[in-house]
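What follows is a single structure, written as structure tokens, with notes after it.
The values are calculated or read from the model by the stated rules, or taken from the named source; none is laboratory data. Computed from a prediction, not measured in an experiment: that's the story for all the values here. A quick note on method: Cβ atoms are made from the backbone with ideal geometry, for glycine too, and the neighbour counts reach across all protein chains shown. With ligands, DNA and RNA removed, areas are computed over all heavy atoms of the protein, side chains included. Shrake-Rupley method; radii C 1.70, N 1.55, O 1.52, S 1.80 Å.
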Amino acid sequence: MSDIVYVNGQYVAKQDATISIFDRGFIFGDGVYEVVPVIEGSMVDKEYFLQRLERSLGELRIEWPCTADEILEMMQQLILRNAINEGMVYLQITRGIADREFNFPADTRPSIVGFANHLILLDPPTAKTGIAVVSTPDLRWKRRDIKSVNLLGQVLAKQDAVERGAKEGWMVEDGYVTEGVSSSAYIVKDGVIITRPLTNEILPGIRRRTLFELCEAEGLQLEQRLFTLQEAIDADEAFITSATTVVCPVVSIDGHTIGDGLPGPVAQKLRAVYLTRMKEEAGV
Ligand code: PDD
């Protein structure tokens, strides 16, 4: 956990940080968040997260509490003050504090909080072993494209996955995989990378966006279409992407081995080129 956190303009020790019980993030889940990876003390995929934040805030009609540059400065301060070399910064903006009425309150200032954690991104054991995933029903609301703090569907899904011995769940709706509980989901068949197209049904992952660029640069074939759980089980490879896993191979789904049960060449290649890109952005 972060020792020094940010709450509405102040850097404070985590035990001294407080937020009103009337904050609409607390009462309604009325807010948005971002998780930004940190390499060598620098945030990466920086432009894209700001663009997604802008979109999420816009969809919920929450005002920016300050400028994007001020947000970046605050996040960089959290990295410095917590001496994070490798890890992540978390940022949350809610509609603010008001009497409990469902509709938007007038003249409420958005609340902003942030913290930073250590995390192994470049060389975690799962990059070499891959992870097991299990399928779980997608219980979420219909605006999953907004990175909202309203995450109860994912909390229940992750708990289900963990209780069944998996690191991640792949959520399934109408027989098709939507995405990972906290990651984007991909399969590889006959050299083609397959992932669900962007609609309101999934989060537009930042790693997904960057991965598309890397596929193009590497001449890898990518197809955006729905895929079933059975197709995933029958795939040559599977993998996930997210801020906290970058690119992570999946080696089993619902107890079925994927490919030969080892991280596949496409996932490994994409992880390697992704790490190179992150290091370049961080100036390593
Ligand atoms: N989760 N889909 C969902 C539902 C997610 O929660 C996430 C990220 C992703 C991947 O998006 P990105 O590449 O931008 O991290 C896809 C973050 C890491 C979290 O909530 O902790």
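Of everything in the range 108-140, what is within 28 Å of residue 254 (Cβ to Cβ), touching a helix residue (DSSP H, G or I) at 6+ places or on another chain (Cβ under 7 Å) and away from the ligand (no atom under 14 Å from the Cβ)? Give them in sequence order.
The answer is 127, 134, 135.
Regarding the range 65-83, can at least one residue be identified that is touching a residue at least 24 places away in the same chain (Cβ under 8 Å) and either farther than 28 Å from residue 279 by Cβ or in the same structural domain as residue 146 (by TED's automatic domain parsing) (or both)?
Checking the range 65-83: at least one residue is touching a residue at least 24 places away in the same chain (Cβ under 8 Å) and either farther than 28 Å from residue 279 by Cβ or in the same structural domain as residue 146 (by TED's automatic domain parsing) (or both).
Does the range 116-128 hold any residues that are surrounded by 15 or more Cβ atoms within 10 Å (Cβ to Cβ) and touching a Pro at 6+ places or on another chain (Cβ under 9 Å), and which are they?
119, 121, 126, 127
Restricted to the range 28-66, and to residues that are small (Gly, Ala, Ser) and in contact with a strand residue (DSSP E or B) (Cβ under 6 Å, 6 or more places away or on another chain), which residue is nearest to the ligand (Cβ to nearest atom)?
Within the range 28-66, the match that is nearest to the ligand (Cβ to nearest atom) is 56.
Being out of contact with any Lys or Arg (no Cβ under 9 Å at 6 or more places or on another chain) and crowded, with 24+ Cβ neighbours inside 10 Å is the filter here, so list the residues in the range 225-239 that pass it.
Selection gives 232, 238.
State whether the residues of the range 141-148 include one that is more than 13 Å from the ligand (Cβ to nearest atom), open to solvent by 80 Å² or more (accessible area, probe 1.4 Å) and either within 21 Å of residue 33 (Cβ to Cβ) or in the same structural domain as residue 204 (by TED's automatic domain parsing) (or both).
Of the residues in the range 141-148, the ones more than 13 Å from the ligand (Cβ to nearest atom) are 142.
Now drop any that are not open to solvent by 80 Å² or more (accessible area, probe 1.4 Å), which leaves 142.
Subsequent filtering for residues that are either within 21 Å of residue 33 (Cβ to Cβ) or in the same structural domain as residue 204 (by TED's automatic domain parsing) (or both) retains 142.
Within the range 141-148, one or more residues are more than 13 Å from the ligand (Cβ to nearest atom), open to solvent by 80 Å² or more (accessible area, probe 1.4 Å) and either within 21 Å of residue 33 (Cβ to Cβ) or in the same structural domain as residue 204 (by TED's automatic domain parsing) (or both).
Can you say whether residue 167 is more than 12 Å from the ligand (Cβ to nearest atom) and either among the basic types (Lys, Arg) or open to solvent by less than 10 Å² (accessible area, probe 1.4 Å) (or both), as far as the supplied structure shows? Spell out the reasoning first.
Details: more than 12 Å from the ligand (Cβ to nearest atom): yes; either among the basic types (Lys, Arg) or open to solvent by less than 10 Å² (accessible area, probe 1.4 Å) (or both): yes.
Criteria met by residue 167.
Go through (1) crowded, with 18+ Cβ neighbours inside 10 Å; (2) charged (D, E, K, R); (3) more than 19 Å from residue 35 (Cβ to Cβ); (4) without any contact (Cβ under 8 Å) to a residue 40 or more places away in the chain for residue 173 and report which single condition fails.
(1)
Contact list please: Cβ distance under 8 Å, first residue in the range 26-42 and not assigned by TED's automatic domain parsing to the domain that holds residue 149 and among the polar types (S, T, N, Q), second residue open to solvent by 20 Å² or more (accessible area, probe 1.4 Å) and within 15 Å of the ligand (Cβ to nearest atom), pairs at least six apart or on different chains.
Filtered contacts from the range 26-42: 42/281.
Any idea which of 244, 276, 195 is open to solvent by 20 Å² or more (accessible area, probe 1.4 Å) and within 13 Å of the ligand (Cβ to nearest atom)?
The unique qualifying residue is 244.
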